[in-house]
Amino acid sequence: MNRIGVFVCHCGTNIASTVDVKAVAEALSHERGVVISQDYQYMCSESGQNLVKNAIKEHNLTGVVICSCSPRMHENTFRKACSEAGLNPYLVEIANIREQCSWIHKDITTATEKAVILGRTAIAKVTLNTPLTSMESPVVKRALVIGGGIAGIQSALDIAEAGFEVDIVEKEPTIGGKMAQIDKTFPTLDCAACILTPKMVEASQNENINIYSFSEVSDVKGFVGNFTVKIKRKARYVDETKCTGCGLCTEKCPMKKVPNEFNAGLDNRTAIYIPFAQAVPKIATIDPNYCMMLKNGKCGVCSKVCTAGAVDYKQKDEFIEKKYGAIVVATGYNPISPEKFDEYAYSQCPDVVTSLELERLMNAAGPNGGTLLRPSDKKHPEKIVFIQCVGSRCDDDRGKPYCSKICCMYTAKHAMLIREKYPDTEVYVFYIDVRTPGKNFDEFYRRAVEQYNVHYIKGMVGKVTPKANGKIEVQGSDMLADEQLRIDADLVVLAMAIEPDKSARPLATMLTTQMDTNDFFTEAHPKLRPVESATAGIFLSGVCQGPKDIPETVAQASAAAAKAIGLLCKNSITCNPCVAHSDELMCNGCSACEKVCPYGAITYENKEFRMPDRTVAVRRVASVNPAVCQGCGACTVACPSGAMDLNGFSNSQIMAEVDAICK
Amino acid sequence: MNSKNENLKEQVLRASGVNVLKCMRCGKCSGTCPAYGEMEYHPHQFVYMIEKGDIEKLMNSPSIYRCLTCFACVDRCPRGVEPAKAVEAVRLMAVRKQDGNRLKPEQIPDMLDEDMPQQAIVTALRKYRK
Amino acid sequence: MKNFTYYPGCTLRTKAKELDRCARVCAEILGINLEEPADWQCCGGAYTTAKDEIATKLSAVRVLNSAKEAGNPLITVCSACHNVIKQTNYDISHDDEMCGKVNRYLGLSENYSGETIVYHYLEMLRDVIGFENLAKQVKKPLKGVKIAPYYGCLLLRPKKALAMDDPENPSIMENFIKAIGGTPVVYAQRNECCGAYTIFEDKNQAVERSAKIAESAREMGADMIITACPLCMYNLKKNSGCDIPVRYFTEVLAEALGVEEVGNEQ
């Protein structure tokens, strides 16, 4: 015999202003099995919870229905309260009469009527609830960090510091990411390499950290605390254990015309290469797209000069498989290509460059050894125009709808550095808005204007025309002067929008975690859980979650590490008991459930069954591993015979809910 | 905004299909406009003044006949605002008024030269007359 | 032999006869059959973007519909016709209200709602013939001639409706020039408006704009400018102060294909 308690929350005026809560409590009190139905101002408050607890004891309740906010908010609160009062926590149901009712309706009569229906539906379900017990699952005490830029390095260092093993998987031959390419950092103007390379070295020397460079994640299975990850170690044609990083091979390699990615393609490297002097690991890599030995078997110079015998032209991609308890995603970003915005003539003129290219042009390790020269004629540019928001804040398919966040500050930095080093250079910045909401950021930008006399022009460039005399005519609007300007510049710098790395989308699929329409990973809660993904055990670090500068990236990287450490500290985690199970007598062995299961939780086994005629038959039936199942319910929908059922969301419970709504 | 302005604005918005609220005031339309120097009101001002309901000023300005309808502002606008379509809608409202025709057929012979293609004439008639 | 419904437009019948003649001769050489509908009307030269009128769009719809009835794609040569017809076709297939009004007015036996595929002659060369195949048929390549393609405003924009090439970094004319053996000259002003649209209202614009375009092409070393638009042709010749030849793209095509006496008509 069911004894159900119903508790209707006012949520202050959030619910009570649109729903007649007293009428709801009164209507639900007449439902079958309901022995007490009450309303209260804040059911989640301590006194509200006590109301529920006392009712459980007093009326010996067998089920509780809370009509309140979304279960995402307070289901756990009420489950815990009921558990404390001696009721199995899975005998609690939440009727969401706030997000799905009071907040979206204006008319009290309609909203009240709907709240009653939602309450009745929960009562119908709770009547069929059964007590469930959670299981425990052990935690593998090792973390995986995907991406070895500043975000990944920081997360790895913090996790390692807490005493856990960490693997970094980096797709490039070296860790360091974009920060390694940057010259100076705002707003303090310290050298990026000077603060980054010690961290790279620290990562390589930390005995808890293992770096898989030139590697990619190719498959992820399992669940929080127990992921199995397949890592592809791409052939670099150099034995990592033998190479000493002496660099002799890179000097002798005859193929010297390979665009150098590290210098944004502004100069060339050799086919066997070490990306830059401070690379970690400092190991050579052969680029198979350019190596003549790999392409047509003619050369072999690097192998001959290598005293360590490290070159191995026969090396193949290798796959390794490892287990991890937590995964930190730090896949970073890239600037978008300027080619779609050719009104700025990027593809027509070498002196129209992107901001990242300018970083290299100004860097001491860059193509000009730190002297700012135009790519075309290696002359000093005397007039430089910066164009901000190229591809950011766009509503069309050429660009991105978001603000890329970092461009205002790095443009101010570039402008200031140029005016500092070359005071005779005139610098113009076309801007839509200058956005500087960081510590010491606005002061920095003002310094560019007031102290360094950078000309900020409110307006946008519409057309760039390279001319035969080497000048670049920049035509733009000056909205404050209501003029159309034409500036004959020597160098034009485009602040391109940034976008998540292309590897992020397939990775999100492997991790069964969510992304937004711009391919940024979605956090579990935009305010309260900003570094966790919605998938348990997957944490987000750096720009893969949204545009960020270095200080913010490092802060988020440490936060993600803290969350991962919190997980790794546990010996085991409590599993969700709402998992699938199959009725072996009904199962026809069709494998439909196995195919749809995203977690690999379902296997098939041959089982002996005693038949009514006393013979024994062997049948192939589905079996769910409750430790792996995440309770998504895909199998219950796919199962043609109705053998699959989900604890807490059984087919009969759902049908009872539907019946209650339609009554 | 008075009701007359409100009405004019409504007509311009409907005829052009332009959503002026998408404008983020970057000024790229005016930065790109080849007719900028010949215009009293510039493309970004058209968008903003339509939003404010200042249609009559625009209707009475020669700017509406200076727009080349080259669609550079349309394709380069980062927000998809389509300023040229807004200019055209204002121009149509001006030439559709009684005696609003900007160009009379009898004026044309004097303006011709022997090489001028027919295209120039039909285009002008379409742009400057109802 | 592939059939196209061919829309010459008003100017190709009068001031731009060579643009038309060369287009027809070359089509025949290339195995393209151009069928000119008997009753086409002038497209109006400029597309009225206003959503609240249909009268200015009807002649374009009529020719689009006659192509549909003939079961052909429609082909245009003049940039302005191309622009008007493609924009009309785009709007009629995207704006239900306009489509409804137009069809209620025309009372065609079957509603027209954007079914016809519209090619510019250059698109036909690229997508139907293929520039590689075109190159094989060239008899007199324009070897060593540095040709500046002038797209102007009408050929590429608005990109949503025209959908012909990247409006900021187009390549169709450059590839055409390569196919006929010439050397394309890339210059930034190739997709800017020449200003001829407002020639009755404000000749100054036409002069200044066209001069800027010619200068930009010449600076980059062009021996010749080619265009698809009779109005641009007029403006560049008459007002730009340009001292290099300006020619229709069909003229240079005809020459490359070995057609005799090209360009003597004007």
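Would you call C:Glu251 out of contact with any helix residue (DSSP H, G or I) (no Cβ under 8 Å at 6 or more places or on another chain) and either over 19 Å from C:His82 (Cα atoms) or in the same structural domain as C:Lys178 (by TED's automatic domain parsing) (or both)?
On the way: out of contact with any helix residue (DSSP H, G or I) (no Cβ under 8 Å at 6 or more places or on another chain): no; either over 19 Å from C:His82 (Cα atoms) or in the same structural domain as C:Lys178 (by TED's automatic domain parsing) (or both): yes.
So C:Glu251 does not fit the description; no.
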Within the stretch C:49-69, restricting attention to residues that are over 22 Å from C:Lys2 (Cα atoms) and among the polar types (S, T, N, Q), which residue is farthest from the other protein chains (Cβ to nearest Cβ)?
C:Ser59
Residue ID - most open to solvent (accessible area, probe 1.4 Å), chosen from residues in the stretch A:304-346 that are out of contact with any Ser or Thr (no Cβ under 6 Å at 6 or more places or on another chain) and among the small types (Gly, Ala, Ser):
A:Ser337
Mind counting the residues in the stretch A:347-379 that are open to solvent by less than 30 Å² (accessible area, probe 1.4 Å), closer than 19 Å to A:Ile498 by Cα, more than 14 Å from every other protein chain (Cβ to nearest Cβ) and not polar (S, T, N, Q)?
5
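Can you tell me which residues in the stretch A:624-640 are open to solvent by less than 40 Å² (accessible area, probe 1.4 Å) and either assigned to a loop (DSSP other than H, G, I, E, B) or in contact with a Leu (Cβ under 7 Å, 6 or more places away or on another chain) (or both)? Give the derivation first.
Keep residues of the stretch A:624-640 that are open to solvent by less than 40 Å² (accessible area, probe 1.4 Å), which gives A:624, A:627-629, A:631, A:633-636, A:638-639.
Those that are open to solvent by less than 40 Å² (accessible area, probe 1.4 Å) and either assigned to a loop (DSSP other than H, G, I, E, B) or in contact with a Leu (Cβ under 7 Å, 6 or more places away or on another chain) (or both): A:Ala627, A:Val628, A:Cys629, A:Gly631, A:Gly633, A:Thr636, A:Cys639.
Condition (residue is more than 14 Å from chain B (Cβ to nearest Cβ), of a type in the set (Phe, Trp, Tyr) and within 24 Å of A:Glu382 (Cβ to Cβ)) applied to the stretch A:520-534: is it met by at least one residue? Quick ask: steps written out before the conclusion?
Restricting attention to the stretch A:520-534, the residues satisfying the condition of being more than 14 Å from chain B (Cβ to nearest Cβ) are A:520-534.
Retained after the next criterion (residues that are of a type in the set (Phe, Trp, Tyr)): A:520-521.
From the residues that got through so far, the ones that are within 24 Å of A:Glu382 (Cβ to Cβ) too are none.
Within the stretch A:520-534 (the criterion being more than 14 Å from chain B (Cβ to nearest Cβ), of a type in the set (Phe, Trp, Tyr) and within 24 Å of A:Glu382 (Cβ to Cβ)), the answer is no, since none of the residues qualifies.
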Residues of the stretch C:11-48 being within 14 Å of chain B (Cβ to nearest Cβ), open to solvent by less than 30 Å² (accessible area, probe 1.4 Å) and touching a Pro at 6+ places or on another chain (Cβ under 9 Å), which ones?
C:Thr11, C:Leu12, C:Ala16, C:Leu19, C:Asp20
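Of these, C:Pro230, C:Pro245, which one is closer than 17 Å to C:Pro8 by Cβ and away from chain A (no Cβ under 14 Å)?
Working: C:Pro245 fails: closer than 17 Å to C:Pro8 by Cβ.
C:Pro230 is the lone residue from the list that is closer than 17 Å to C:Pro8 by Cβ and away from chain A (no Cβ under 14 Å).
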Matching residues in the stretch A:448-469 - criterion: being part of a loop (DSSP other than H, G, I, E, B), away from every other protein chain (no Cβ under 11 Å) and open to solvent by 10 Å² or more (accessible area, probe 1.4 Å):
A:Gln451, A:Tyr452, A:Asn453
From the set of residues in the stretch C:5-51 that are basic (Lys, Arg) and outside any loop (DSSP other than H, G, I, E, B), which is farthest from C:Ile117 (Cα to Cα)?
C:Lys17
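Would you pick out the residues in the stretch A:206-238 that are of a type in the set (Ser, Thr, Tyr) and either open to solvent by less than 40 Å² (accessible area, probe 1.4 Å) or farther than 12 Å from A:Glu318 by Cβ (or both)?
Residues of the stretch A:206-238 that are of a type in the set (Ser, Thr, Tyr), as a first pass: A:212-213, A:215, A:218, A:228, A:237.
Passing the criteria: A:Tyr212, A:Ser213, A:Ser215, A:Thr228, A:Tyr237.
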Within the stretch A:380-401, restricting to residues that are farther than 13 Å from A:Glu499 by Cα and of a type in the set (Val, Ile, Thr), the one that is nearest to the other protein chains (Cβ to nearest Cβ) is A:Ile387
Pull up the stretch A:86-133, narrow it to residues that are touching a Gly at 6+ places or on another chain (Cβ under 8 Å) and of a type in the set (Val, Ile, Thr), then point me to the one that is farthest from A:Phe649 (Cα to Cα).
A:Ile97
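Can you tell me how many residues in the stretch A:158-171 are open to solvent by 10 Å² or more (accessible area, probe 1.4 Å) and either outside any loop (DSSP other than H, G, I, E, B) or β-branched (Val, Ile, Thr) (or both)? Working first, answer last.
Within the stretch A:158-171, the subset open to solvent by 10 Å² or more (accessible area, probe 1.4 Å) is A:158, A:161-165, A:170-171.
Next cut, either outside any loop (DSSP other than H, G, I, E, B) or β-branched (Val, Ile, Thr) (or both) only: A:158, A:161, A:165.
Matching residues across the stretch A:158-171 total 3.
So is C:Ala206 touching a helix residue (DSSP H, G or I) at 6+ places or on another chain (Cβ under 6 Å), open to solvent by less than 40 Å² (accessible area, probe 1.4 Å) and over 25 Å from C:Glu28 (Cβ atoms) or not?
Values: touching a helix residue (DSSP H, G or I) at 6+ places or on another chain (Cβ under 6 Å): yes; open to solvent by less than 40 Å² (accessible area, probe 1.4 Å): yes; over 25 Å from C:Glu28 (Cβ atoms): yes.
So C:Ala206 passes the test.
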Of (1) part of a strand (DSSP E or B); (2) under 23 Å from A:Met1 (Cβ atoms); (3) open to solvent by less than 20 Å² (accessible area, probe 1.4 Å), A:Ala122 satisfies all except one. Which?
(1)
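The rows are residues; the columns are (1) in contact with a Phe, Trp or Tyr (Cβ under 7 Å, 6 or more places away or on another chain); (2) open to solvent by 80 Å² or more (accessible area, probe 1.4 Å).
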position: A:Asn588; (1), (2): no, yes
position: A:Lys595; (1), (2): no, yes
position: A:Tyr599; (1), (2): yes, no
position: A:Tyr604; (1), (2): no, no
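The values are calculated or read from the model by the stated rules, or taken from the named source; none is laboratory data. If you're wondering where the values come from, they're calculated on a predicted model, not measured in any experiment. Neighbour counts are summed over all protein chains in view; Cβ atoms, including those assigned to glycine, are modelled from backbone coordinates with ideal geometry. Note: accessible area is taken over every heavy atom of the protein model, side chains too, but ligands, DNA and RNA are not part of it. Shrake-Rupley method; radii C 1.70, N 1.55, O 1.52, S 1.80 Å.
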